[in-house]
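The values are calculated or read from the model by the stated rules, or taken from the named source; none is laboratory data. Predicted model only: the values in this text are computed from it and were never measured. Every residue, glycine among them, receives a Cβ derived from its backbone with ideal geometry; neighbour counts consider all protein chains shown.
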Amino acid sequence: FGPTHLAPVFAEMARRYPQLGIHTCYTDRFVDLIAEGYDCAVRLGHLPDSNLIARRVGPIYGKLVASPEYIKAHGSPETPDELLTH
């Protein structure tokens with residue numbers, strides 16, 4: 001998400017505001033923003049309660065896909081509940 005969606009935004013910010021220092025870190029790890037000294041974060045998914053200020057910036061769309069080989073070997077689920085056994 002970061003390199004494809006955020007990097008172009010950061011590049012434009014750096015161009016418009018050359019005095020602004022931007023350092024990015026992309027990780028799947030849940031970062032303790034205060035302890036690790038971050039000023040800002042973009043997180044996807046549900047956020048736990050905290051004393052941080054959060055703003056929703058947009059929806060997250062997901063897709064569940066399977067290869068033809070997987071479907072051939074395991075069958076195609078017909079209902080969402082069947083996904084639990086796949």
* Among residues belonging to segment 31-46 that are over 11 Å from the mean Cα position of the chain (by Cα) and β-branched (Val, Ile, Thr), point out the one that is surrounded by the fewest Cβ atoms within 10 Å (Cβ to Cβ). => Ile34
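Residues are listed down the side, and each one gets a yes or a no for (1) at positive phi; (2) of a type in the set (Val, Ile, Thr); (3) not in a loop (DSSP other than H, G, I, E, B):
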| position | (1), (2), (3) |
| --- | --- |
| Met13 | no, no, yes |
| Ile22 | no, yes, no |
| Ile53 | no, yes, no |
| Arg56 | no, no, no |
| Ile60 | no, yes, no |
| Ala66 | no, no, no |
| Ile71 | no, yes, yes |
* Structure fact -> Subset of segment 56-76, residues modelled with pLDDT under 90 and either within 30 Å of His23 (Cβ to Cβ) or touching a His at 6+ places or on another chain (Cβ under 8 Å) (or both), comes to Arg56, Val57, Gly58, Pro59, Ile60, Tyr61, Gly62
* Asked: Is there any pair linking a residue in segment 1-25 that is farther than 27 Å from Pro59 by Cβ to one that is outside any loop (DSSP other than H, G, I, E, B) and among the aliphatic types (A, V, I, L, M), with Cβ under 8 Å and at least six apart or on different chains, and which?
  -> Leu20/Met13; Leu20/Ala14
* So which residues in segment 55-86 are touching a helix residue (DSSP H, G or I) at 6+ places or on another chain (Cβ under 8 Å) and within 30 Å of Ala41 (Cβ to Cβ), if there are any at all? -> Leu64
* Out of segment 73-82, which residues are surrounded by 10 or more Cβ atoms within 10 Å (Cβ to Cβ) and either on the phi < 0 side of the Ramachandran plot or of a type outside the set (Gly, Ala, Ser) (or both)? -> His74, Ser76, Pro77, Glu82
* Structure fact -> How many residues of segment 5-20 are within 17 Å of Val42 (Cβ to Cβ) and either of a type in the set (S, T, N, Q) or in contact with a helix residue (DSSP H, G or I) (Cβ under 8 Å, 6 or more places away or on another chain) (or both)? The answer is 1
